[in-house]
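Notes to accompany the following structure.
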Amino acid sequence: MTTPSILLRNAAVGDTTPDAALVHRRGQAIHIQDGLIAWHGTEAEIPAGLACDDEIDLGGRLVTPGLIDCHTHLVYGGKRVADFVERLGGTRYDEIAGGGGGIASTVAATRAADESTLFTMAGMRLERMAGHGATTVEIKSGYGLDPLSEKKILRVARRLGGLGLADVRTTFLGAHAMPAGYEGTKADYLAEMSDEVLPGLVAEGLVDAVDAFCESIAFNPEELEGYFGAARALGLPIKAHLDQLSETRGAALLAKMGATSADHLEYSGTGSIEALARAGTVAVLLPGAYYFLRESRSPNVSALRTARVPIAIATDHNPGTSPMESLPLAMNMACILFGLTPAEALRGTTANAARALGLSDRGSIANGLRADLAVWEVDSPAELSYNIGFSPLHSTFLKGTVRREDSRRADAHDGA
Ligand code: NIG
Ligand code: FE
């Protein structure tokens, strides 16, 4: 199926260079053909005789690469308001987890939910994310922790990709936590997940990457070696939730495995960061979880910069630690809480987020890449990191197909 070819006129292009400097060019045009960026340049450079089915005048609005949310847990049952209230009263996240709340309570609610309810709920979340400029969203399993429930989540995630709201990438997170009541050791559980469950899910086309929670309250690096080895043998990109609550020494394992990304990293020391740098692993920072858990230890951004580790930013949307759906809000938090520049924040939700998913076909405005674009009602690329609490999105293009956000835009400006 081919989509109509479109010439976007009178655009301002907002993008970043590999060293995370902001690009802001006015008077630009972008030619989209077969869902890809076929050509882009200044208005004056538009090739004579360029044939296209449609021309759209963007009225000088800013066009960026479509935003990429490279870390979410979008499909789950229930909410965790009770945990939230308990934590406000002083109980720690690990204490709630130890007491049967936390991930275990979401696992119970997710197992109990039928597939159509999960699809409807996650579809609404995905629509709101798209309304904040996301054109690619990664979705992890990990709230099932048994073969059928993990499959249910991944099937829902795949079906969400068919809604035309955003491209969905699926990640198997069988190693999120030990399921309550499991009769066996951690080693038994992980071997079952990686050697029995994962190959079946891969055969059904449900898995694009594999993730684990490497943490004192979940699994340690030694326990995860075989799990990741199985993922690698299947040719899948490897990711991990790493050093969120304590330093685990998991970076060495991830580097050895050639991991695509290491996520959270609040407690990672310089040795861990240097290991990630050597392996070319992307650091995915998740300021929503840091904020929501009222953490005081933030990731060592200056060490990441010195080691030249690419930094990505994601929402980590999940009911327990980051019930946030807006990538621009995550960008704002990354600037305010972690000290990123707006340029690093934009690169973190575009080019570096693509890299965190092992994708080389998107993430910047360049010829031959997917025409996944976001059009914004802002004056400059830095303004994407400035706003809080509303979406200045005008429209998006998903593989060259336009989606308009006019009604949302009207809502956003009603109270202004
Ligand atoms: O990314 N850290 C582990 N996983 C999620 C939280 C899961 C939960 O509490 O439900 C995270 O923060
Ligand atoms: Fe997470």
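The values are calculated or read from the model by the stated rules, or taken from the named source; none is laboratory data. Because the structure is a prediction, the values reported are computed rather than measured. Quick reminder, even Gly has a Cβ in these numbers, built from the backbone with ideal geometry, and neighbours come from all protein chains shown.
Of all residues in region 277-323 being hydroxyl-bearing (Ser, Thr, Tyr) and under 27 Å from residue 105 (Cβ atoms), which is farthest from ligand 2 (Cβ to nearest atom)?
That would be 296.
Checking residue 94 against (1) modelled with pLDDT of 95 or more; (2) more than 30 Å from residue 377 (Cβ to Cβ); (3) surrounded by fewer than 24 Cβ atoms within 10 Å (Cβ to Cβ), which test does it fail?
(1)
Against the condition at pLDDT 95 or above, on the phi > 0 side of the Ramachandran plot and touching a helix residue (DSSP H, G or I) at 6+ places or on another chain (Cβ under 7 Å), how does residue 133 come out, does it pass?
Yes.
Need the failing condition index for residue 156 against (1) in a helix (DSSP H, G or I); (2) surrounded by fewer than 17 Cβ atoms within 10 Å (Cβ to Cβ); (3) in contact with a Phe, Trp or Tyr (Cβ under 8 Å, 6 or more places away or on another chain), just the number.
The single condition residue 156 does not satisfy is (2).
Residue-wise test of (1) among the small types (Gly, Ala, Ser); (2) more than 20 Å from residue 135 (Cα to Cα); (3) modelled with pLDDT of 95 or more.
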position: 263; (1), (2), (3): no, yes, yes
position: 272; (1), (2), (3): yes, yes, yes
position: 280; (1), (2), (3): yes, yes, yes
position: 289; (1), (2), (3): yes, yes, yes
position: 302; (1), (2), (3): yes, yes, yes
position: 309; (1), (2), (3): no, yes, yes
position: 314; (1), (2), (3): yes, no, yes
position: 349; (1), (2), (3): no, no, yes
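Pull out all pairs, ordered by first then second residue, where Cβ-Cβ is under 9 Å, the residues are six or more apart or on different chains, the first lies in region 129-154 and is over 13 Å from residue 167 (Cβ atoms) and of a type in the set (Phe, Trp, Tyr), and the second is within 16 Å of ligand 1 (Cβ to nearest atom) and not in a helix (DSSP H, G or I).
Close Cβ pairs satisfying both conditions: 143/73; 143/75; 143/76; 143/77; 143/173; 143/176; 143/318; 143/319.
Of the residues 125, 80, which is within 15 Å of ligand 2 (Cβ to nearest atom) and within 18 Å of residue 171 (Cα to Cα)? Lay out the reasoning, then the answer.
On the way: 80 fails: within 18 Å of residue 171 (Cα to Cα).
Going through 125, 80 in turn, the sole match is 125.
With the checklist (1) of a type in the set (A, V, I, L, M); (2) within 14 Å of ligand 1 (Cβ to nearest atom); (3) more than 30 Å from residue 371 (Cα to Cα); (4) touching a Pro at 6+ places or on another chain (Cβ under 7 Å) in hand, flag the one item residue 337 doesn't pass.
(2)
Exactly one of these conditions fails for residue 364: (1) under 30 Å from residue 60 (Cβ atoms); (2) surrounded by 20 or more Cβ atoms within 10 Å (Cβ to Cβ); (3) in contact with an Asp or Glu (Cβ under 6 Å, 6 or more places away or on another chain). Give me its number.
Condition (2) is where residue 364 drops out.
What tally of residues in region 1-27 results from selecting those that are under 24 Å from the mean Cα position of the chain (by Cα), assigned to a loop (DSSP other than H, G, I, E, B) and not polar (S, T, N, Q)?
So the count comes out to 4.
Take the residues in region 310-328 that are polar (S, T, N, Q), within 15 Å of ligand 1 (Cβ to nearest atom) and out of contact with any Phe, Trp or Tyr (no Cβ under 6 Å at 6 or more places or on another chain), then tell me which one is nearest to residue 123 (Cα to Cα).
Filtering region 310-328 down to residues polar (S, T, N, Q) leaves 315, 318, 321-322, 326.
Of the ones still in play, those that are also within 15 Å of ligand 1 (Cβ to nearest atom) are 315, 318, 321-322.
Among the residues that remain, those that are also out of contact with any Phe, Trp or Tyr (no Cβ under 6 Å at 6 or more places or on another chain) are: 315, 318.
On the way: 315: 16, 318: 14 Å.
Among those that are polar (S, T, N, Q), within 15 Å of ligand 1 (Cβ to nearest atom) and out of contact with any Phe, Trp or Tyr (no Cβ under 6 Å at 6 or more places or on another chain), it is 318.
Can you tell me how many residues within region 133-153 are more than 16 Å from ligand 1 (Cβ to nearest atom) and either surrounded by 24 or more Cβ atoms within 10 Å (Cβ to Cβ) or β-branched (Val, Ile, Thr) (or both)?
Final tally of qualifying residues: 4.
Tell me which residues, restricted to region 11-32, are under 18 Å from residue 47 (Cα atoms) and surrounded by 16 or more Cβ atoms within 10 Å (Cβ to Cβ).
Residues satisfying the conditions are 11, 28, 29, 30, 31, 32.
Which of the residues that make up region 109-120 are without any contact (Cβ under 8 Å) to a residue 40 or more places away in the chain and either within 15 Å of residue 167 (Cβ to Cβ) or of a type in the set (A, V, I, L, M) (or both)?
Answer for region 109-120, where residues must be without any contact (Cβ under 8 Å) to a residue 40 or more places away in the chain and either within 15 Å of residue 167 (Cβ to Cβ) or of a type in the set (A, V, I, L, M) (or both): 109, 112, 113.
Kindly indicate the residue of region 173-193 that is touching a residue at least 60 places away in the same chain (Cβ under 8 Å) and touching a helix residue (DSSP H, G or I) at 6+ places or on another chain (Cβ under 8 Å) and also farthest from residue 214 (Cα to Cα) among those meeting that condition.
Taking region 173-193 and keeping what is touching a residue at least 60 places away in the same chain (Cβ under 8 Å), we get 173, 176-177, 179-180.
With the extra rule that they be touching a helix residue (DSSP H, G or I) at 6+ places or on another chain (Cβ under 8 Å), the set shrinks to 176-177, 179-180.
Values: 176: 8, 177: 10, 179: 15, 180: 18 Å.
For region 173-193, the residue satisfying everything is 180.
Could you give every pair whose Cβ atoms fall below 6 Å, whose first residue belongs to region 195-210 and is more than 13 Å from residue 158 (Cβ to Cβ), and whose second residue is of a type in the set (S, T, N, Q) and crowded, with 17+ Cβ neighbours inside 10 Å, counting only separations of at least 6 or pairs across chains?
Partner pairs satisfying both residue conditions: 209/171.
Of the residues that sit in region 97-119 and are crowded, with 16+ Cβ neighbours inside 10 Å and not small (Gly, Ala, Ser), which one is nearest to ligand 2 (Cβ to nearest atom)?
For region 97-119, the residue satisfying everything is 103.
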